[in-house]
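The values are calculated or read from the model by the stated rules, or taken from the named source; none is laboratory data. Remember, predicted model here, so these are calculated numbers, not experimental data. Please note: Cβ atoms are built from the backbone with ideal geometry, for glycine as well, and neighbour counts cover all protein chains shown.
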Amino acid sequence: MPLTILVVDDDLGTRLSISDYLELSGYSVITANDGQEALAMVEEYRPDLIVTDIVMPRMNGYELVRRVRQQPGFRLLPVILLTARTKTQERILGYQSGCDLYLPKPFELEELAAAIRNLLERSQIIQSEYRVSHKENLTNSTPATAVEAQNSVFTHLDKPEFFSSLTSREQEVLELLTHGLSNVEMGQQLHLSPRTVEKYVSSLLRKTATSNRAELVRFAIKHGLVE
């Protein structure tokens, strides 16, 4: 199942460009407008990585990272800070707050994706070592606090396997497909280009092993993937 990335930025265009690129790269993406909203989403969705802007209303990126790091279950959660601020002191503040990488704007989406892959690979290695070192201690008599710590490492285990393999954008495209909309019409509703919509449709066809849109819609209805 895809890893989940939380993208936090008060600029809608930035959020959409990052989330769409990452979803096309195979990740599941959730978004937040500011640090306060993001903090609640971290606790609810337990993402595998956070990409956040610094200058935001209500709670900035520095404070978000500090608040996340205060929770034992998220001390190792990878965080990338994005900002137009490039002064040395500001970068130092970013690392002192607990971020793993400080990426100045403007940046290339390809570079961001490469950084995300690197951090996630490292995170998965750490999680693997955690499982090995704690396997003998995770028994039926394990204290509740230890169980909570374990659950913070293993994410998305309670989701239906196939449905969770679809990104949020793929789910939206699939829902609109069942209403018979064209790529242009879907693009207008989702604020995407027809070419990008077609990429999502192709991804859905591949994941469902169907050969055309009609089969895809039948598959979705049969397996309860749409309302």
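This table checks each residue for (1) of a type in the set (S, T, Y); (2) modelled with pLDDT under 55.
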| residue | (1), (2) |
| --- | --- |
| T86 | yes, no |
| P104 | no, no |
| I116 | no, no |
| E121 | no, no |
| T145 | yes, yes |
| Q171 | no, no |
| E175 | no, no |
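In the range 92-119, which residue that is free of Cβ contacts under 8 Å to residues at least 12 places away in the same chain and touching a strand residue (DSSP E or B) at 6+ places or on another chain (Cβ under 8 Å) is surrounded by the most Cβ atoms within 10 Å (Cβ to Cβ)?
Y95
Go through the range 179-191 and give me each residue that's at pLDDT below 85 and buried (at least 16 other Cβ atoms within 10 Å of the Cβ).
L181, N183
I need the full set of residues from the range 20-35 which are of a type in the set (S, T, N, Q) and surrounded by 22 or more Cβ atoms within 10 Å (Cβ to Cβ), in order please. Break it down into steps so the answer makes sense when it comes.
Pass one, the range 20-35, residues of a type in the set (S, T, N, Q): 25, 28, 31, 33.
Answer for the range 20-35, where residues must be of a type in the set (S, T, N, Q) and surrounded by 22 or more Cβ atoms within 10 Å (Cβ to Cβ): just S28.
May I ask you to list pairs of residues, at least six apart or on different chains, whose Cβ atoms are under 9 Å apart, with the first in the range 184-208 being assigned to a loop (DSSP other than H, G, I, E, B) and the second being among the basic types (K, R) and at pLDDT 85 or above?
From the range 184-208, the pairs are L192/R169.
Name the residue that is modelled with the highest pLDDT, counting only residues in the range 88-102 that are among the hydrophobic types (A, V, I, L, M, F, W, C) and within 21 Å of the chain's Cα centre (by Cα).
It comes out as L101.
Out of (1) under 20 Å from F107 (Cα atoms); (2) part of a helix (DSSP H, G or I); (3) of a type in the set (D, E, K, R), the odd one out for D10 is which?
Unmet condition: (2).
Being modelled with pLDDT under 90, surrounded by fewer than 22 Cβ atoms within 10 Å (Cβ to Cβ) and small (G, A, S) is the filter here; which residues of the range 36-81 pass it?
Of everything in the range 36-81, just one residue is modelled with pLDDT under 90, surrounded by fewer than 22 Cβ atoms within 10 Å (Cβ to Cβ) and small (G, A, S), namely G73.
When you check A209 against the structure, is it of a type in the set (A, V, I, L, M) and either under 28 Å from I50 (Cα atoms) or at pLDDT below 80 (or both), yes or no? So that I can check it myself, show each step before the final result.
Working: of a type in the set (A, V, I, L, M): yes; either under 28 Å from I50 (Cα atoms) or at pLDDT below 80 (or both): no.
Considered against the rule, which asks whether it is of a type in the set (A, V, I, L, M) and either under 28 Å from I50 (Cα atoms) or at pLDDT below 80 (or both), A209 comes out as no.
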